[in-house]
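Right, one structure below, let's go through it.
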Amino acid sequence: MGSISVLLVGKVLPYLEQELDKRYNLFRGIDPSQRAAVLRDHASSIRAVVASSSGGPDAALIEALPKLEIVSSFSVGVDRIDLQKCKEKGVRVTNTPDVLTDEVADLTIGLILAVLRRICECDRYVRSGNWKKGDYKLTTKFSGKTLGILGLGRIGAAVAKRAEGFDCSICYYSRNEKPDSKYKYYPSVVELASNCDVLVVACPLTPETHHIINREVINALGPKGVLINIGRGKHVDEPELVSALLEGRLGGAGLDVFEKEPHVPEELFGLENVVLLPHVGSATVETRTAMADLVLDNLEAHFLGKPLLTPLV
Amino acid sequence: MAEEEKVEGLQQLKHENQDLPQVLVLGSPTCLQTLKQLYSHKFRFLIPNTSLDSLYPLTAPLSSISAVICSASFSLTAPVLRLLPSLRLVVTTSAGTDHIDLNECGCRGIQVAGAGKLFSEEVADMAVGLLIDVMRRVSAADRFVRTSCEAATWDFPLGYKISGKRIGIVGLGSIGMEVAKRLECFGCTILYHSKHKKSAVSYPFYNSVIDLAATSNALVLCCALNEETRHIVNREVMLALGKEGFIVNVGRGSLIDEKQLVKFLMDGEIGGAALDVFEDEPNVPKELLSMDNVVLTPHCAAFTSECIIKLCELVAGNIEASLSDKPLITQVKW
């Protein structure tokens, strides 16, 4: 398979890049000028694209690759990929579901605790020598609180399962109510926000869920409410979120994703009721390796004419 | 009184209503303000003006005091107890009692009441939060985001998975059980060491902490500090835990050989540590202050606004029980 041409358009684990290099004729096209050069010389030979959460083929790129057969994404979210165009052109698409569900759910609980118990702030307090002047103030208990989950898919359900260990009440909003679920359903995001202490965004990013967390939802969550975003930055109207936090209309936020990563609104840096992470939901050695293997296995299956392991399209 | 610490003197004690039972408050417990707000109509709280953790041996008020409220940061030693000849009750605002000379209390017939299981959920929550933080580098990542300049991309080191890992709990009391319950929902395998095997529990028991460490990805320390448990996490235990092993301590600082821990962290012999407690609080070994694989919190695992009111109710309840010769709510037995 060393002669099959593969184009890499998103940042991936070094191990994956190395393996792709070994097994295929790999072209790197993450950087726009790099990509332009590759397209100029090799567009007609590329049969596969490897994408990630930082970059995926839009309609224009798909059109520019006449021999494209498969897009294999090193992520579970595929908002960077024009799925409709892929369907039209008969291009297969795979992602990496399930291998990162636990990791993202673990981090979600970690973010909730970090915000409510001010763990990062406490760590700063000790490192700056302030503990010698006095104790840190009281924080807010997590156990027993009401958790609202926006999107009760694999990740949302995994978060709920962990929160049950903390005796939390769980409620959710989803496109459709899940009849088998034991959790309380709310038919709108605003109602969900009004009835929970901590709201977790765990749904896919689609045109419908763009800015699903808007001013109305933020106000409903309120001055004691906490927003946790482990979905995509564009789920949240970021300027609205920032002004709500600065004005005290929202109690706190734990954010792993932002609208224009790696840009983070600087107004948030001085706040003690926010925790800001650089999109590390799946960033463990174990998971990234498993994700890489899934990308490789999907590509191999495709080129050997076998069924794809985790197809989306 | 030669063994006592030097003092400047206990000056005017603050007085409120003269008829109410007197309660001496030592060590500035966090709940003091709330205690005064809620119970000044029931008790006369005597609060030493001195900032030193010692008492001056004199005056009537001290010799007539029968009840003391004491925080975990005050050493209620035998010499101090001897300044209070009428003492019948010590109420500590902590779950731990390592700061109280229990033997002296026993000899004198002084009853001791603690916080019992009041903080167990809070402390367990914090223990899990600290475990996730150190293994997934949460605090380090938050620092990174706040201080990294406008980089083209985020390049941040990977963390370690928690779900499905083997977690060794040292001390399976009330707090240890709450930690176990939470981590079971992460699919973790729970193992434990305790003074005695607990027949009602199905988690695998390890008689030796070294054996527990050798088979665990992380150790969570939840036990009380006493003569048997001092430095229970020593050099051999840390070597057994290994280069990718993590330690969370929400018990007491002296459960760990702190100097050895610092050395191993500096040498990369251990993966990381999350510490809410230290051997000489509020002093923290300066080598730790610049490390990214440690999380440091100022002994605050129990302190939420929700538990403070409950703590005050418990303290007052124990004092009232003692005054009416009824059984204490959370008597410490040893």
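The values are calculated or read from the model by the stated rules, or taken from the named source; none is laboratory data. Computed from a predicted structure; not experimentally measured. Here Cβ is always computed from backbone atoms with ideal geometry, including for glycine, and neighbour counts include all displayed protein chains. For accessibility, only protein heavy atoms count, side chains too; no ligands or nucleic acids. Shrake-Rupley method; radii C 1.70, N 1.55, O 1.52, S 1.80 Å.
Observations on the model:
- Column: log10 I(q)/I(0), Debye, Cα scatterers of chain B, q = 0.13 Å⁻¹: -1.00
- DSSP-defined antiparallel bridges as percent of all bridges, the stretch A:130-269, nearest 5: 5
- Kirkwood Rh and Cα Rg combined as Rg over Rh, evaluated for chain A: 1.02
- Excluding ligands, DNA and RNA and using a 1.4 Å probe, chains A and B jointly bury around 5200 Å² of accessible surface, summed across both partners.
- Those lysines that a straight Cα-Cα span of less than 23 Å connects to A:K182, excepting residues fewer than 8 apart in one chain: A:K145, A:K161, B:K181
- Listed residues A:V226, A:V93, A:V242, most fluctuating in chain A (Gaussian network, C-alpha, under 10 Å): A:V242
- Filtered trypsin sites (Lys or Arg not before Pro), the stretch B:141-218: DSSP coil and at most 14 other beta carbons within 10 Å: B:K195, B:K197
- Counting all C-alpha pairs of the protein assembly as shown, share separated by more than 34 Å (%): 50
- Convex hull (Cα only) mean projected area of the stretch A:99-274, reported in nm² to one decimal: 10.6
- Residues of the stretch A:265-313 that bury at least 30 Å² of accessible area when the other protein chains are present, relative to the chain alone (probe 1.4 Å, heavy atoms, ligands and nucleic acids excluded): A:F269, A:L276, A:L277, A:P278, A:V280, A:A283, A:T284, A:V285, A:E286.
- Largest GNM mean-square fluctuation across B:C185, B:C31, B:C107, computed for chain B with C-alpha springs under 10 Å, falls on B:C107.
- Within a straight-line Cα-Cα reach of under 14 Å, A:K89 can be paired with the following aspartates and glutamates, leaving aside sequence neighbours fewer than 8 residues apart in one chain: A:D58, A:E63, A:E69.
- Filter on A:K132/B:K286; A:K22/A:K306; A:K184/B:K310; A:K67/A:K87; A:K141/B:K310 - keep pairs with C-alpha separation over 18 Å: A:K22/A:K306; A:K184/B:K310
- Accessible area in the full protein assembly, largest first, 1.4 Å probe, for B:S194, B:S202, A:S194: B:S202, A:S194, B:S194
- For the protein assembly as shown, the antiparallel share of DSSP beta bridges with both residues in that region comes to about 5%.
- Share of alpha-carbon pairs per 10 Å distance bin for the stretch A:1-142, given as whole %: 11, 32, 21, 13, 14, 9, 2
- Probe 1.4 Å, protein heavy atoms only - accessible area per residue of the stretch A:92-230 in square angstrom: 39
- Simple point charges give the picture: +1 on the Cβ of Lys and Arg, -1 on the Cβ of Asp and Glu, and for the stretch A:99-274 a dipole about the Cα centre of about 540 debye.
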